[in-house]
Amino acid sequence: MSLSTLDLVVLVAYFVLIAGIGVYVSRGQNTAAKFFIAGRGIPGWVIAFTMMGTIIGTGTFVGHPGTSYQKGLILLTPHMLLPIVLIFVAKFIVPFYRRVVQMSAYEYIGQRFGLGGRFYTSFGFLADRTFDIGVTLLTTALAVNIITGWEMKTVIICTALFTATYTMLGGIKAVVWTDVAQGTVLILGGSFVLLRLLFAPEAGEPFAVVGEAWRGGRLTLGSTEFTWASFVDQQNSTLWLFCLAYGVQWMRRYITDQHMVQRYLIARTDQEASRATFTGALICVPVFFTFMFIGSCLYGFFRLANVPGPELGDSVMPFFMIHYLPHGILGLVVAAIMAAAMSTVSSDLNSVATIATTDYFNYFFPKSSDKTRLLCGRIMVIVGGLLAALCATFLIPEKGSTPVMERAITIATILSGGTLGLFTLGFATRTATRRGSYIGMACCLIYMSWAILTEPGNRIINVGFNFELNPILIGVLGHLVLFGTGWISSQIFGGYRPANVEDLTFWSHKIKYAPTNSQAE
């Protein structure tokens with residue numbers, strides 16, 4: 001089975017819709033403030049949609065079903081932690097950022113710990129987002145390759161360039177309004193796949209796939225073993241490890257990452273920003289569950305239909321689509337995959353461009369005009385897209401490799417470089433100093449280098465005292481290392497603290513102004 005004329009018509013209609021929205025909202029994007037934060041004039045309900053679109057990418061549409069198909073619902077409980085994290089974020093973090101910064105999340109770190117801290121965190125974000133966009137492009141290419149036969153590298157490059165083009169034209173406004181359309185298409189596509197599985201005649205009675213998934217252990221939540229051995233097991237990650245890794249990852253994303261902080265800044269009011277943040281998380285939860293449940297049902301389907309599934313677990317979703325979805329619906333679901341990819345990629349590219357412009361270009365060229373900064377932002381969108389496409393080509397999996405999403409969470413926690421620890425050091429303590437934070441950053445980098453080089457799965461050197469825990473803990477512990485060594489060093493060695501340190505911590509909510517660029521730097 002391949003794409004029919006009807007499927008292609010549906011796909012073309014989707015691309016025309018997205019391109020039309022991008023071109024339409026590009027009108028009036030003539031200042032850096034409008035391009036990056038839309039003049040803080042976006043309605044709350046739109047922000048809720050774009051928050052969902054930023055989190056729900058093809059990693060959810062393709063990667064999560066692949067993981068559930070192979071290992072059950074091992075990622076479900078960690079994803080249920082998101083609303084809990086967002087209660088704290090909506091109440092404290094959102095209004096804090098809206099008062100402290102103008103465009104970049106790392107303006108805050110600059111105020112608290114100086115330029116070195118700002119560059120450290122912003123560079124970590126750029127590396128992490130480039131990798132994450134690469135994962136999104138890869139999972140998209142996996143699906144499209146199976147459905148159409150198109151070469152994966154071609155799909156990666158074309159998806160990156162198309163998304164970068166409308167993002168470059170319309171800025172953050174194009175991102176949020178296309179997210180509304182893409183989120184709708186995504187939910188419709190996933191719903192059709194689930195209904196097709198639950199009522200699949202090839203599997204027997206309605207809902208038979210659910211029973212078979214249960215018998216095959218694909219509706220379990222993973223190992224709940226809580227022993228020292230579970231922390232050093234290199235191959236199998238327990239429920240507790242995933243909860244720890246994802247809990248830290250959710251906090252890091254919503255507290256320190258620009259692509260989320262930027263959503264807080266574009267809202268019209270503090271109240272709308274906080275409500276949209278929590279609502280966006282609530283929308284994500286049933287979407288996460290749906291796609292993980294689909295993966296479990298796919299296991300039941302292929303068992304009952306007595307049909308061999310794909311050799312690569314991450315390919316199970318597109319494999320089912322191409323062989324078992326009717327024409328027209330197939331086109332819609334392919335459009336949903338593209339929507340999931342583009343909503344994430346466009347958001348991340350805009351935030352990457354924001355950081356590259358506000359944290360780097362503005363610093364090195366402080367006298368540049370607003371028009372020049374706008375041009376720099378547009379160029380950085382394209383550059384970010386090309387770098388992410390290059391990253392995606394290196395991540396193309398081979399037969400028998402670990403599921404993409406399981407590899408992604410390990411790499412993402414490492415690339416974060418302890419930024420959550422640094423933010424917590426500044427936000428939660430009054431006594432942390434600039435000197436202490438720099439010592440903490442240095443200790444974190446030394447620890448991360450040691451752990452990556454000595455972890456047993458891919459040990460490069462043996463120093464006698466090696467990292468022996470599950471690699472998913474490398475990045476998680478990095479945040480603790482930075483916070484702990486930074487705080488202790490601050491107490492021992494002292495150092496500079498800003499005069500308004502009270503206003504830059506959790507303990508005070510008396511900030512009454514947004515700093516200028518010079519103050520942030």
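FYI, it's all coordinate maths here, none of it is from the lab. Note that the structure is a prediction, hence the values are computed from the model and not measured. Quick reminder, even Gly has a Cβ in these numbers, built from the backbone with ideal geometry, and neighbours come from all protein chains shown.
Here are some notes:
- Scanning the chain for long hydrophobic helices, with DSSP H runs required to stretch 20 angstrom or more by C-alpha along their axis and to average at least -1.0 on the Kyte-Doolittle scale, returns 5-25, 106-148, 152-198, 239-256, 270-304, 329-355, 370-394, 434-454, 473-493.
- Relative to the Cα centre, the charge distribution of segment 91-175, modelled as +1 at Lys and Arg Cβ and -1 at Asp and Glu Cβ, gives a dipole magnitude of about 460 debye.
- Each Lys and Arg Cβ is given +1 and each Asp and Glu Cβ -1; about its Cα centre, the chain then shows a dipole of about 1620 debye.
- Fewest-first sequence of Tyr106, Tyr447 by Cβ atoms within 10 Å of each Cβ: Tyr447, Tyr106
- Max-minus-min Cα coordinates of the chain on each principal axis give 71, 59, 39 Å, with the largest extent listed first.
- Difference of contour (0.36 nm per residue) and Cα-Cα distance, Tyr24 to Glu311: 99.0 nm
- The helix-only estimate of mean residue ellipticity at 222 nm for the chain, built from DSSP H runs of length n ≥ 4 each weighted as -39500 (n - 2.57), is -23000 deg cm²/dmol after division by the residue total.
- Residue (of Leu75, Thr269, Tyr166) at the positive-pole extreme of segment 5-397, dipole from beta-carbon charges: Thr269
- The chain: relative contact order in percent, alpha carbon pairs under 8 Å with at least 6 residues between: 30 percent
- The slack in the chain from Leu221 to Leu161, taken as 0.36 nm per residue of separation less the alpha-carbon distance, amounts to 17.8 nm.
- Full-stretch length increase - Arg99, His327 - with 0.36 nm per residue and alpha-carbon distance subtracted: 77.0 nm
- Put in order of Cβ neighbour count within 10 Å, fewest first, the listed residues Glu502, Glu311, Glu107 become Glu311, Glu502, Glu107.
- Using a Förster distance of 56 Å, the FRET efficiency for Ala442-Lys367 (Cβ separation, nearest 0.05): 0.95
- Which of Ile18, Ile109, Ile283, Ile446 has the fewest Cβ neighbours within 10 Å, and the rest in rising order: Ile446, Ile283, Ile18, Ile109
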